[in-house]
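Scroll down for the structure; my scribbles are underneath it.
The values are calculated or read from the model by the stated rules, or taken from the named source; none is laboratory data. Nothing here was measured: the structure is a model prediction, and the numbers come from that model. Cβ coordinates were reconstructed from backbone atoms using ideal geometry, including for glycine residues, and neighbour counts include every protein chain displayed.
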Amino acid sequence: GLVNSREMFKKAMEGKYAIAAFNFNNMEQMQAIISAAVECKSPVILQVSSGARKYANQTILRYMAQGAVEYAKELGLNIPIVLHLDHGDSFELCKSCIDMGFSSVMIDGSHLSYDENVALTRKVVDYAHQFDVTVEGELGVLAGVEDEVSAEHHTYTRPEEVEDFVSKTGVDSLAISIGTSHGANKFKPEQCTRNADGVLVPPPLRFDILKEIEKRIPGFPIVLHGSSSVPQDKVAIINKYGGALKDAIGIPEDQLREAAKSAVCKINIDSDGRLAMTAAIREVFALKPAEFDPRKYLGPARDSLKELYKHKLVNVLGSANTV
Ligand code: G3H
Ligand code: 13P
Ligand code: NA
Ligand code: ZN
């Protein structure tokens with residue numbers, strides 16, 4: 001069945017790798033995630049955002065995740081799979097997911113005052129732990145837009161708060177802000193420098209803050225949101241076939257590789273999958289304009305997604321061959 005994240009993060013900490021949390025809201029994404037994880041012998045986290053619940057229906061997604069467990073076995077390996085609520089914004093939403101069988105939830109009180117964040121997170125933890133559901137909290141605010149909340153600048157996590165937050169709330173993992181952000185436009189070109197080949201290089205993540213946090217809560221699982229790398233080959237295909245993505249810039253993979261070796265145990269990736277799907281679909285539409293069977297474009301999109309996910313598990317997060 002579905003498992004919570006506790007054992008997964010413990011092993012990731014010991015093995016110096018990170019678990020991928022991939023967002024899903026449809027069947028092709030779920031199949032790509034699970035087949036990639038099985039082939040790579042990797043645990044994986046399926047995560048559902050509020051937007052995904054609205055789009056696809058929470059009940060459907062919950063049973064799709066149950067189907068994912070059976071699908072993995074059918075493919076030949078019973079990998080650990082977590083069904084996680086991404087960016088839960090209220091106790092009621094978290095409770096609804098817990099009651100329905102999610103094995104993990106995030107309560108994102110990062111935009112609240114510190115004391116309100118502690119109180120809300122504590123309330124979710126007290127409920128979740130009765131059912132052995134793990135809880136992710138967040139301290140610090142990522143720049144960019146998520147759901148209705150938008151922030152112009154990063155508010156980096158304050159290392160001096162993490163120990164108090166973790167002990168007062170009882171959370172199982174902590175999402176932090178060290179320079180990542182959601183979406184495909186993580187940096188403005190003017191924030192970047194150019195390397196010898198003229199490629200834009202974004203400012204590095206604040207590993208100094210991460211190290212300070214690790215010092216204060218040694219061995220505690222840290223989560224990085226907004227960790228898509230925005231592969232430029234996908235952006236180029238999208239734009240070649242009629243897309244209009246401008247200044248799409250992500251987190252360089254070598255920085256995620258470095259993060260995965262640290263106390264960072266969960267790395268969230270959504271946008272890269274969206275880019276892979278969109279590139280594949282645009283290519284089919286452009287090259288085979290007579291196709292109108294959705295399987296003829298969603299199939300290639302699923303194949304492309306699976307390749308992308310395998311790459312992440314094997315070459316970036318390092319969780320391959322741990323099951
Ligand atoms: O946190 C952001 C995730 O990429 C989910 O995005 O809210 O558009 O589903 P969404
Ligand atoms: P990206 O937009 O960088 O893929 O981040 C996804 C995320 O953090 C989901 O919670
Ligand atoms: Na790690
Ligand atoms: Zn996020």
- Do you know which residues across the range 186-228 are within 16 Å of Asp172 (Cα to Cα), of a type outside the set (Val, Ile, Thr) and outside any loop (DSSP other than H, G, I, E, B)? Glu214, Arg216, Leu224
- Task: Output yes when any residue across the range 43-50 is at pLDDT 95 or above, of a type outside the set (Val, Ile, Thr), in a helix (DSSP H, G or I) and in contact with a Leu (Cβ under 9 Å, 6 or more places away or on another chain), and no when none is.
- Result: yes
- Item | Check on Phe9, in contact with an Asp or Glu (Cβ under 8 Å, 6 or more places away or on another chain), within 16 Å of ligand 1 (Cβ to nearest atom) and outside any loop (DSSP other than H, G, I, E, B) | no
- Residue under evaluation Gly67, criteria (1) more than 16 Å from ligand 1 (Cβ to nearest atom); (2) touching a residue at least 40 places away in the same chain (Cβ under 8 Å); (3) farther than 21 Å from Ser271 by Cα, criterion not met: (2)
- In the range 30-87, what residues are buried (at least 22 other Cβ atoms within 10 Å of the Cβ) and among the acidic types (Asp, Glu)? Asp86
- Select from the range 259-299 the residues that are within 30 Å of Ile213 (Cβ to Cβ) and either part of a strand (DSSP E or B) or aromatic (Phe, Trp, Tyr) (or both) and list them in ascending order. Val264, Cys265, Lys266, Ile267, Asn268, Ile269
- Query: Within the range 266-286, is even one residue hydrophobic (A, V, I, L, M, F, W, C) and under 13 Å from Ala18 (Cβ atoms)?
  - Reply: yes
- In the set Val118, Val125, Val135, which member is more than 16 Å from ligand 3 (Cβ to nearest atom), at pLDDT 95 or above and buried (at least 23 other Cβ atoms within 10 Å of the Cβ)? Val135
- Message: If I filter the range 235-257 for residues that are in contact with a Cys (Cβ under 9 Å, 6 or more places away or on another chain) and buried (at least 17 other Cβ atoms within 10 Å of the Cβ), do I get at least one hit?
- Response: yes
- Item | Failed item in (1) within 26 Å of Glu7 (Cβ to Cβ); (2) in contact with a helix residue (DSSP H, G or I) (Cβ under 6 Å, 6 or more places away or on another chain); (3) not small (Gly, Ala, Ser), with Gln130 passing the rest | (2)
